[in-house]
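For reference, the structure discussed in these notes is given below.
The values are calculated or read from the model by the stated rules, or taken from the named source; none is laboratory data. Since we're looking at a predicted model, the values are computed, not measured. FYI the Cβ positions are ideal-geometry reconstructions off the backbone, even for glycines, and counts take in every protein chain you see. Quick note on the areas: whole protein, heavy atoms, side chains included, nothing else; ligands and nucleic acids left out. Shrake-Rupley method; radii C 1.70, N 1.55, O 1.52, S 1.80 Å.
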Amino acid sequence: MTTHRLRLHAATLELPVTTDALSTAIAEDRLRGRHPDVDPATTLPVTAGSPVDLAAAAARTVLERTGHPGAEVEDLYYAWTYFQGAHFWSPAHALADRTGLTSANPIGLQQMCNGAGAAVHLADRAARAGAPFTAMICTGDAFRGPGFDRWSGDYGVLYGDAGTAVLAVSSAHPAPVAGPSSTLLSLHTGALPHLESMHRPVGTPVDAAPAGAWPIDVQATKRRYLQEHGGDSLAEAMRGMVGKLLAKVFADLAEQGRAADGVIYLPRLMNATLDSLYAPAVAALTDLPQRRLGDLTGHLGAGDLIANLADAQATAEKPRTDIFISAGAGFTISIAALSS
């Protein structure tokens, strides 16, 4: 899929000011074991508040930076990975209320950590219809205990709290939009549904209350999957899909007479996971530098893609085309080329 019809404006990362240090977690005996590639100085952003509030703060910043009237935002896509504060509730509508986007259509997206990628995919589909279109894309996650163990609950991932937002505008929209922007040149998405059980508990009654088993033990479900299917099958599937999608993105760029000349942003995961599942597939197709920002924030749930785009828009000293890899449990992978 190739498009020149969507621009992403003023990507914003909202981080809480409070952090949790690895050294503190060790001193308080909160670690159940950790991979050796974790820097002892690692700190993760932690909020005592609502993930919706983090997303709302990011969205308000986007509206301020772009000068775009909130009343003209047509859709509000809100993606998240973890519990939002209530089990029977629409956090997307709460976000619309808290940002003043009361004319927008609030749409909640549940595609785990590829939520932002799914939102860009939907916005791009709408933009390619040809009519003027704007959407606010937001994510929000807070991985607080006792329900979630941000340090030791998963293999190869540390979890930080954050909100993100970006304004998606179709090229048919007549009004100018301020702030930094990136043009979507290519976006390809692929799913690996046979991996879904990697995050699904087995033996839990189907009518169990959502809060019936704390903390969530991602290691246990992954360990069971790997014992049943082996690690090689997982690596082969993930690398294969990354390589397949990346090749399609490069083909789109070539068709447009362009080339990626920036960096490849990887998901904000630990180095051991990136080296196993992502980096080899990327290196097989390109020698572009790989940017890894997980050491700075940990994994931000559904927000990695927008957080990485915010970094690209802030650091691009001249026009460049970057590649962004987004992945979420299930699994679904999205790879986008964006020119800033």
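Share of the chain's accessible area from carbon and sulfur, percent, 1.4 Å?
Using a 1.4 Å probe with all protein chains present, the chain comes out at 55 percent carbon and sulfur.
Which shape class, rounded, prolate or oblate, goes with region 61-141 when its Cα gyration tensor gives a ≥ b ≥ c as root eigenvalues, a/c under 1.5 marks rounded, and past that a/b bigger than b/c marks prolate?
It is oblate, given that a/c is not under 1.5 and a/b is not larger than b/c.
Please list, or write none, the aspartates and glutamates whose alpha carbon is within less than 14 Å of the alpha carbon of LYS244, excluding same-chain residues fewer than 8 places away.
Filter leaves GLU236, ASP252.
List the residues whose amide H sits under 5 Å from the amide H of ALA79, counting only those 5 or more places along or on another chain, with H placed 1.01 Å from N in the peptide plane.
The list, which skips near neighbours in sequence, is LEU109, CYS138, THR139, GLY140.
Using a/c under 1.5 as the rounded threshold, could you call region 225-311 rounded, prolate or oblate? The axes a ≥ b ≥ c are square roots of the C-alpha gyration tensor eigenvalues, and prolate needs a/b larger than b/c, oblate otherwise.
Taking the square roots of the gyration eigenvalues as a ≥ b ≥ c, region 225-311 is oblate.
If the elastic network links every pair of Cα atoms under 10 Å, which of PRO201, PRO45, PRO176 fluctuates the most in the Gaussian network model of the chain?
Between PRO201, PRO45, PRO176, it is PRO176 that shows the largest mean-square fluctuation.
Picking from VAL282, VAL38, VAL242, which is most flexible by a Gaussian network model of the chain using Cα springs under 10 Å?
Evaluated over the chain, the most mobile residue of the options is VAL38.
Under 17 Å from a point placed 7 Å out from the Cα of ALA284 along the Cα-to-Cβ direction: which residues of region 154-198 have their backbone N that close?
Those under the cut-off are 190-192.
Report the gain in length on full extension from ASP275 to GLU196: 0.36 nm times residue separation, minus Cα-Cα distance, nm rounded to one decimal.
This chain segment gains 26.3 nm when fully extended.
Check every DSSP H run in the chain and write down those whose alpha carbon atoms cover 30 angstrom or more along the long axis and whose mean Kyte-Doolittle hydropathy is -1.0 or greater.
Result, helices passing both filters: 231-255.
Considering only ARG125, ARG292, ARG32, give the residue with the highest GNM mean-square fluctuation for the chain, with springs between Cα atoms whenever their separation is below 10 Å.
Of ARG125, ARG292, ARG32, the most mobile in the Gaussian network model is ARG32.
Suppose each label sits 7 Å from its Cα in the direction of the beta carbon; what would the ARG98-THR18 distance come out to in nanometres?
Those two pseudo-labels are separated by 1.5 nm.
Enumerate the amide H contacts of ALA162 below 5 Å, restricted to partners 5 or more residues apart or on another chain; note that Pro and chain-start residues carry no placed amide H.
ASP141
So, in Å, what gap is there between the alpha-carbon centers of region 239-299 and region 91-139?
25 Å
Quick check: convex hull over the Cα atoms of the chain, volume per residue in Å³, rounded to an integer?
Measuring per residue, one finds 135 Å³ for the Cα hull of the chain.
Have a look at ALA94, ALA284, THR81 and report the one farthest towards the positive end of the charge dipole of the chain, computed about the Cα centre with Cβ charges (Lys/Arg +1, Asp/Glu -1).
Final value for the positive-end residue is ALA284.
In the neighborhood of GLY330, defined by Cβ-to-Cβ distances under 14 Å, what is the net charge if each Lys or Arg adds +1 and each Asp or Glu adds -1?
Here the count lands on +1.
Using the heavy atoms of the protein chains and a 1.4 angstrom probe, tell me the accessible area per residue for the chain in square angstrom.
In whole numbers, the chain has 41 Å² accessible per residue.
Taking the highest mean first, how do the peptides 10-18, 308-316 order by number of other beta carbon atoms within 10 angstrom per residue?
Most protected by this proxy first, the peptides run 10-18, 308-316.
Give me the Kirkwood hydrodynamic radius of region 62-197 in Å, from all C-alpha pairs, to one decimal place?
16.4 Å
Does region 136-290 classify as rounded, prolate or oblate by the C-alpha gyration tensor (a ≥ b ≥ c root eigenvalues; a/c under 1.5 gives rounded; else a/b over b/c gives prolate, otherwise oblate)?
Taking the square roots of the gyration eigenvalues as a ≥ b ≥ c, region 136-290 is oblate.
What does the charge add up to near ALA284, with Lys and Arg as +1, Asp and Glu as -1, over the other residues with Cβ less than 12 Å from its Cβ?
Neighbourhood net charge equals +1.
With +1 on each Lys and Arg Cβ and -1 on each Asp and Glu Cβ, how big is the dipole of the chain about its Cα centre, in debye rounded to the nearest 20?
440 debye
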